[in-house]
Amino acid sequence: MTSRPPAVFACALIGALLLSACSGPASAEPAVSPAASGSIAVPAPTSEPAPTASAQAEPSTEPAPPSVPASASASASRPATPEAIAPADPPTRRGTASVSDDRTGKALDTPFTVDGVVVVSKKHRVSAGYVPPWASQPHGLHPDAYAAFQTMAAAAKKDGAPISIRSGYRSFADQKASFAKAMKQYDEATARRYYAEAGASEHQTGLALDAWDGRNRGTAFARTKQATWLAAHAHEYGFIVRYPQGKTDITGYAWESWHLRWVGKEISSTFGPNSSLTLEEYLGLA
Ligand SMILES: [Zn+2]
């Protein structure tokens with residue numbers, strides 16, 4: 001199934017006639033490949049402890065989705081049936097039959113990608129043989145992701161919502177231990193909603209991180225001003241809240257207000273503030 005952000009072509013075509021304000025989401029930009037930016041000799045960071053979900057029992061059901069569109073500013077005067085005059089295909093492809101994960105064996109040493117965007121999830125795993133080239137960088141993060149976080153953290157601090165990195169890169173072995181611990185600590189369903197098995201964690205890419213305020217872990221973080229700030233502003237720095245509320249059936253994971261994925265500004269700007277869009281939907285994997 002393919003899910004696309006609302007098209008704006010109808011606006012472009014009829015805008016002159018209706019003189020309506022078409023402020024829908026920008027048309028999707030080409031995917032940006034989070035390619036390695038060369039090796040930089042930096043001492044390996046101390047490995048952070050695996051995050052733990054709230055010590056309290058998680059709710060058995062998720063709250064209803066917030067129903068926040070990718071852009072809340074869609075024109076009210078949009079024609080009733082824009083699809084009727086919208087082009088059949090947008091200029092940038094979002095999911096087609098060619099998007100399939102056929103990796104087996106040694107190919108699993110390399111993550112699945114769509115238009116250059118790395119996807120590691122329950123459905124798109126990596127083997128223990130995959131170690132990103134930036135694993136020895138600060139927090140094991142891609143240098144551009146780390147730099148983007150620092151810029152974002154400075155802005156958040158200025159706004160009175162200081163954030164830091166609680167967990168960045170995790171190796172296959174780290175993730176294996178983290179999942180095993182969670183399975184002992186929680187019931188299996190809860191563990192599987194918040195923790196990834198080794199090979200299925202985005203943390204293994206060094207393109208994702210868990211942010212926090214220094215105090216509130218897991219679901220408690222959602223109630224902090226930091227979480228509110230990140231939901232509203234992370235996209236300005238190239239990050240998306242990777243597991244939005246109400247999208248567990250698509251992402252495979254519970255709402256994690258703290259888990260950020262770096263995708264670069266071209267993609268994150270398409271997501272916009274307070275987005276409930278998932279990377280799977282964006283890439284046509286949903
Ligand atoms: Zn995380």
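We did not get these values from a lab; they are worked out from the coordinates using the rules stated. The structure presented is a predicted model; accordingly, all values stated were derived computationally and were not measured. So basically every Cβ, Gly included, is an ideal-geometry build from the backbone, and we count neighbours across all protein chains shown.
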(message) Here is a list: ARG166, ARG170. Which entry is touching a residue at least 40 places away in the same chain (Cβ under 8 Å) and within 14 Å of LEU207 (Cβ to Cβ)?
(response) ARG170
(request) Can you tell me which residue within the range 190-218, out of those that are among the polar types (S, T, N, Q) and either free of Cβ contacts under 8 Å to residues at least 12 places away in the same chain or away from the ligand (no atom under 13 Å from the Cβ) (or both), is farthest from ILE165 (Cα to Cα)? (result) THR190
(request) Output the residues belonging to the range 255-280 that are within 20 Å of GLN204 (Cβ to Cβ), part of a loop (DSSP other than H, G, I, E, B) and hydrophobic (A, V, I, L, M, F, W, C). (result) VAL263
(request) Determine which single condition LYS265 fails, assuming it passes every other condition in (1) within 12 Å of the chain's Cα centre (by Cα); (2) closer than 24 Å to HIS139 by Cα; (3) not polar (S, T, N, Q). (result) (1)
(message) For the range 232-254: of the residues being assigned to a helix (DSSP H, G or I), surrounded by 20 or more Cβ atoms within 10 Å (Cβ to Cβ) and of a type outside the set (Phe, Trp, Tyr), which is farthest from the ligand (Cβ to nearest atom)?
(response) HIS235
(request) Could you pull out the residue among LEU277, LEU260, LEU283, LEU230 that is aliphatic (A, V, I, L, M) and in contact with a Leu (Cβ under 6 Å, 6 or more places away or on another chain)? (result) LEU260
